[in-house]
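Enquirer: This is the structure, below, for whatever I ask next.
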Amino acid sequence: MSAGRLRLERGGLAVAGWGLLGFLALPVVALFLATSPSALRDGLSHPLVGPALRLSLLTTSLSLAIVVGLGTPLAWWLANASGRAARALETLVQLPAVIPPAVAGVALLLTFGRRGLLAGWAYPTGSSLAFSTTAVVLAEVFVSAPYFVQAATSGFRRIDPKLLLVARTFGAAPLRVFSRVAVPLAAPGLLAGGAMSWARSLGEFGATLMFAGNLEGRTQTLPLAIYTAFESDSRVAQALSIVLVAVAYTLLLLVRWLLARTAAGGEAA
């Protein structure tokens, strides 16, 4: 291949790659350039922001605690299970990550709503979890759990089986092997999964809107506040959007650092 043709092909690949990069970066850059510091300050001081921020911090913290508390044992089991049934269950766990958020909201409503699948058993008095703060937490758990479970499962699978075998040889019970050996060794993967899960629940919109509604101070999280503010005061929507972008970018940097640390630890071992 001639040097001219080689340079041409490399140039074509570079143009294609940088074209996509520009398309992904420009909207984020425009978001920051379109908002002055004074507009950002005024937007964040709007009465809509405080309740939405507090509710988002509360619900995402609760959802993360549930996901980590229940997802860690599940990930441990998936990492050690084999066979078609285990792989089918692992695929089922990942399903909420790929279905549309609106579909997730409808599914939650048909399960936990007043006329849902569990209505007769869970709501004998006719009440319902739908359109409540609890519904926000359930929606966030549903859409964010796959991210944690996938990362945690991968973290557990990277553990050298010989280390677990040594722990069992010294008489450690299964629960002790899990809590004292497996969890510390898989900690970077667990932390990365927790960060991704929290970021996903913080940005959740569709399932929350369908299942919990958009009630200020009760179910209106930051993404729903952006949706509401955009119709009346774009400064608020822009300010909250910048906050969410900054948080998401910080969490992605944290995840990359944790994954790099995990890879470095695997190479050292």
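Rule-based calculations on the coordinates, nothing more; no lab input. Since the model is a prediction, treat every value here as computed from it, not as a measurement. Methodologically, a virtual Cβ is constructed for each residue, glycine included, from the backbone with ideal geometry; neighbour enumeration extends over all protein chains shown.
Enquirer: Among 168, 158, 200, which one shows the highest mean-square fluctuation when the chain is modelled as a Gaussian network with alpha-carbon springs under 10 Å?
Expert: The residue that fluctuates most here is 168.
Enquirer: Multiply the residue separation of residue 66 and residue 14 by 0.36 nm, subtract the distance between their alpha-carbon atoms, and state the gained length in nm to one decimal.
Expert: Difference between extended and current length: 14.3 nm.
Enquirer: Applying the Karplus parametrisation 6.51 cos²θ - 1.76 cosθ + 1.60 with θ = phi - 60° to the phi angles of the stretch 212-221, what ³J(HN,Hα) value in whole Hz is obtained for each residue in order, glycine and proline being reported as x?
Expert: Each residue of the stretch 212-221 in turn: 10, x, 10, 9, 4, x, 10, 10, 7, 7 Hz.
Enquirer: Going by the alpha-carbon gyration tensor, a ≥ b ≥ c the square roots of its eigenvalues, is the stretch 135-269 rounded (a/c under 1.5) or, if a/c is not under 1.5, prolate (a/b greater than b/c) versus oblate? Each step should come with its number before you reach the end.
Expert: Details: a/c = 4.72, a/b = 2.27, b/c = 2.08.
Prolate is the answer for the stretch 135-269, as a/c is 1.5 or above and a/b outweighs b/c.
Enquirer: Taking 0.36 nm per residue of sequence separation and subtracting the Cα-Cα distance, how much length would be gained by fully extending the chain between residue 261 and residue 23, in nm to one decimal?
Expert: Computed gain between residue 261 and residue 23 is 82.7 nm.
Enquirer: Here's a follow-up. Express in whole angstrom the spacing between the alpha-carbon centres of the stretch 17-36 and the stretch 38-107.
Expert: Between the Cα centre of the stretch 17-36 and that of the stretch 38-107, the gap is 27 Å.
Enquirer: Follow-up question, since we're still on this one. Gain in length, residue 176 to residue 117, computed as 0.36 nm per residue apart minus the alpha-carbon separation, to one decimal in nm?
Expert: 17.4 nm
Enquirer: Could you give the semi-axes, largest first, of the ellipsoid that matches the stretch 115-195, computed as the square roots of 5 times the alpha carbon gyration tensor eigenvalues and rounded to whole Å? Please list the in-between numbers first.
Expert: Details: eigenvalues 294, 55, 16 Å².
After diagonalising the Cα gyration tensor, the semi-axes are 38, 17, 9 Å.
Enquirer: In nm, to one decimal, how far is the residue 254 label point from the residue 2 one, both placed 7 Å along Cα→Cβ?
Expert: 5.5 nm
Enquirer: From the Cα gyration tensor of the stretch 1-113, with a ≥ b ≥ c the square roots of its eigenvalues, which class applies: rounded if a/c is under 1.5, or else prolate if a/b is larger than b/c, or else oblate? Don't jump to the answer; show the numbers that get you there.
Expert: Details: a/c = 2.77, a/b = 1.16, b/c = 2.39.
Here the stretch 1-113 falls in the oblate category.
Enquirer: Now for a separate question. Mind checking the dipole of the stretch 46-268: about its Cα centre, +1 per Lys or Arg Cβ, -1 per Asp or Glu Cβ, Debye to the nearest 20? Don't skip to the end; give the middle numbers.
Expert: Numbers: 16 positive and 8 negative charges, 143 e Å.
The dipole magnitude comes to about 680 debye.
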